[in-house]
Amino acid sequence: MGDFDLDEDPKPVQAPAVKRAPAPEPQRVRVSADVEPEYAEPQIDPAALIDPEPSAVTGLVPPHDLLAETATLSAIVLDPAALPMLLDFLKGEHFFSEANRIVFEACVWCYENGGTVDVVAVGDRLRRTDRLRMLENGMGYLARILNDSPAVVNVRKHAAIVYEHWRTRKIIENARHVLVSGYLGVEDVQAYADKATMAMGEIARRSVGARGMTNVEALKAILGKLEPRADGLPTKRGIPTGYRSIDMMTGGLHACETWYVIAQTGRGKTTMTQGVALHVALVLGIGVQVFCTETDKETWFQNAVCALAQVPNTIFQNPDERPPTELEVSRMVTAAGRLGDATWLHVDETREPSVDYMNAVVSARVNPTGQRVDGAPLGLVVLDHLHHTKEFVEARDDKAKPKAVFDATRKLSEAAKRFKLPYLIAAQSRNVETDRKTKVKPKPQSGMLSFSSQAENHADKVFVLQHPPLYIGGRCRGEDITRVTLYPTKGRRMVRREVEFQLLGAEGRLVDLDGEAMVAESRRQLDLRPEPAPRPVATTAAAAAAEPEPPDDEDPPAWYET
């Protein structure tokens, strides 16, 4: 009873009256006269305190609309084009009446097997499956449905009524399960709350639109996502990350995709994920859900303020040795104001969160109706980072950790597709040995994820951050810790190329050097563009009279002379 099953529909059976078990009388214990009498703790069965059906709704029929059900079935039988309009959301289990459910399933079988959906075909199907006798009056029931035929053009609206009543019944059923499970005792409150939230959130996402897209609207939506690139290949335009080089390479963050930023400690993976989250939330105004497992919420916002204000983090760490200037204070106040106004930026500081917990948090923020939640719809989920999740931490040995990472990446990929959101995940990279001769680390390849190289199979795009070699006098002297190179090791339909970043660790920022160079080159090309040739001045009175006069409310052009 404690499992919140979304596929089991409550039966429309009137609940019988349940007799409550009388509580046992307290038993007195004989004691000496100088001791106050004590009473033994009565033993009460928790199940005796709960009705199988809540007494407040005993005798009531669950919400339903039989007229809408028969109207839907009538339209399906009369119009061959009606059923394909409903198969995207309507199922047999959504009907309250068992007879209507049987008829609808027969109609679906006839349609899927290439037959016609009419009274004869449906009746023959019911007769062959020995379900016709389950209908009242057999074929007479189908004839009565046809007699109640409404306007066929409203079939989707009638089916939506049937579907919404089913959602209401499921909410009531799940609420009853939550109530009974809570009274029977809860050991893990967080798991109990997560399960209840996911059960209700799953129903909340199962909404049905009032109208489907037409062919013209669908084609416009498809063509609007195409953008020509320099290599001639089209790419979908997604949510910009704020890093020009990555956006030109990938087209931005797309729904249902999981991106992994893999790096060793101190290479800027947290800085990159935070920069993307701030750009999406503050610049684009799109809702972002951040799970920071490495730091607390105060530290995350402290780094965000420093990154936005472009001031070193040492101001907060050592304010006596490095007091901020008036300009820096002004910029930090402005940055804090922007973060304070962004109510759609949620930062969760739960340590070692499970994937189920994160799914419950995201499910609570997903709004299927398209309305604005907290000022903006949720459009991005950020996890920093993967190896601090509950699944990985609870793995006791190195043999169990690869499976934990593999299962976590699989669940996150499924969540991205279920919520139709992009996921940006920071993860730890495995150690790469330096070449003894050249003293240079090899370029990263696929399978760089720590503890489980096969887990990258669940990722859509994988990027590895690594310090470039530092050459002094023609010889490699180590790594250049002021720069990082981004290597795309996995990704479809994108041009893989290395991207150079400047790592400003004190400010918590990554500067896209290639993107800045592209912007500078574009500006230089604009500056080198030749100026338009001056228009020749009229030399005769007749030519001057033929010159167009400029409007009185605008300034005359540069070539105009009196």
- [ ] State all residues of region 76-91 that are more than 12 Å from residue 118 (Cβ to Cβ) and free of Cβ contacts under 8 Å to residues at least 40 places away in the same chain; if no residue qualifies, say none.
- [x] 81, 84, 87, 91
Open item on the list: Checking the condition touching a Leu at 6+ places or on another chain (Cβ under 9 Å) and at pLDDT below 50, which residue from 46, 52, 26 passes?
Closed with: 46
Task: residue 473, sole failed condition from (1) in contact with a Pro (Cβ under 6 Å, 6 or more places away or on another chain); (2) of a type in the set (Gly, Ala, Ser); (3) surrounded by fewer than 13 Cβ atoms within 10 Å (Cβ to Cβ) - done: (1)
Task: Residues satisfying the stated conditions in region 482-503, i.e. assigned to a loop (DSSP other than H, G, I, E, B) and either in contact (Cβ under 8 Å) with a residue 60 or more places away in the chain or more than 14 Å from residue 271 (Cα to Cα) (or both) - done: 491, 492, 493, 494, 495, 496, 497, 498
Open item on the list: Residues that are in a loop (DSSP other than H, G, I, E, B) and crowded, with 20+ Cβ neighbours inside 10 Å: does region 426-434 have at least one?
Closed with: no
- [ ] Within region 169-195, track down each residue that is modelled with pLDDT of 85 or more and under 24 Å from the mean Cα position of the chain (by Cα).
- [x] 170, 171, 174, 192, 193
Open item on the list: For region 282-341: of the residues being within 23 Å of residue 377 (Cα to Cα) and among the basic types (Lys, Arg), which is surrounded by the most Cβ atoms within 10 Å (Cβ to Cβ)?
Closed with: 338
TODO: Could you list all residues from region 70-103 that are touching a Cys at 6+ places or on another chain (Cβ under 7 Å) and either surrounded by fewer than 17 Cβ atoms within 10 Å (Cβ to Cβ) or not assigned by TED's automatic domain parsing to the domain that holds residue 121 (or both)?
DONE: none
- [ ] Go through 311, 261, 276, 280 for me and flag whichever is assigned by TED's automatic domain parsing to the domain that holds residue 479, touching a residue at least 60 places away in the same chain (Cβ under 8 Å), assigned to a strand (DSSP E or B) and of a type outside the set (Ser, Thr, Tyr).
- [x] 261
Task: One residue from 265, 350, 293, 314 being in contact with a Phe, Trp or Tyr (Cβ under 9 Å, 6 or more places away or on another chain) and of a type in the set (Ser, Thr, Tyr) - done: 350
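The values are calculated or read from the model by the stated rules, or taken from the named source; none is laboratory data. The model shown is predicted, which means the values in this text are computed figures rather than measured ones. Backbone-built Cβ (ideal geometry, glycine too); neighbour counts: all protein chains shown.
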